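Below is one structure, written out as structure tokens; comments come after it.
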Amino acid sequence: MPDEVDDFLERWHRFVSERDPALLDPLLAEDISLGAPPYWGRLRGRETVQHLLGLIVQTIEGFTYHRQWRDGRELALEFTGRVGKLELQGIDLITLDESGAIQKLDVLMRPRDAIESLQETITPRMQAFLAERSGGGA
């Protein structure tokens, strides 16, 4: 079990440092669910979550993890970064499934002005992605 979690963390940190959404595919369960402030509803499904996480790591500058807590397959990872000139702090709450992929991810962030700035940047791009997937075009 610890090897599985260690392997996940190594691959997760590689995704964040390289900012490459393609690295996410094996890290996300097919039926993953994500709750994150930039997109107010809960998102479900690997492709949708992969796209949003890619947008987030490409938008937040200086994204850095500082501390982590582990309890079996439950993880909490503290991070900081910037959206423009606004400082951002948050925690990723991750639940891994039995294969070591993310089953559930909740992202908690503060302060509000940084979240709003992140949302303003990401929402139009995410809406275009969702419209394209549903056949609505851009």
Projecting the Cα atoms of L118, G41, H66 onto the charge dipole of region 2-125, where Lys and Arg contribute +1 and Asp and Glu -1 at Cβ, the residue farthest towards the positive end is L118
In the chain, helical segments from DSSP H whose Cα atoms cover 27 Å or more along their own axis and that average at least -1.0 on the Kyte-Doolittle scale are 112-133
Within region 41-138, DSSP-loop GluC sites (Glu not before Pro) with at most 14 other C-beta atoms within 10 Å are E98
With +1 on the Cβ of every Lys and Arg and -1 on the Cβ of every Asp and Glu, the dipole magnitude of the chain about its Cα centre, in debye rounded to the nearest 20, is 540
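In percent, how large is the relative contact order of region 2-125, given Cα pairs closer than 8 Å and 6 or more residues apart?
Normalised by residue count, the contact order of region 2-125 is 25 percent.
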With label points set 7 Å from each Cα along the Cα-to-Cβ direction at K85 and E120, the distance between them in nm comes to 1.3
In nm², the average projected area of the convex hull spanned by the Cα atoms of the chain is 7.9
A chain fully extended from Q127 to E74 at 0.36 nm per residue, minus the present Cα-Cα distance, gains in nm 16.1 nm
Per the C-alpha gyration tensor (a ≥ b ≥ c, the square roots of its eigenvalues), region 95-138 is rounded if a/c is under 1.5, else prolate if a/b beats b/c, else oblate; here it's oblate
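The numbers here are math on the coordinates, done by the rules we state, and not lab data. Bear in mind that the values here come from a model prediction, so they are computed numbers and not experimental data. Here the Cβ is made from the backbone with ideal geometry for all residues, glycine too, and neighbour counts use every protein chain on show.
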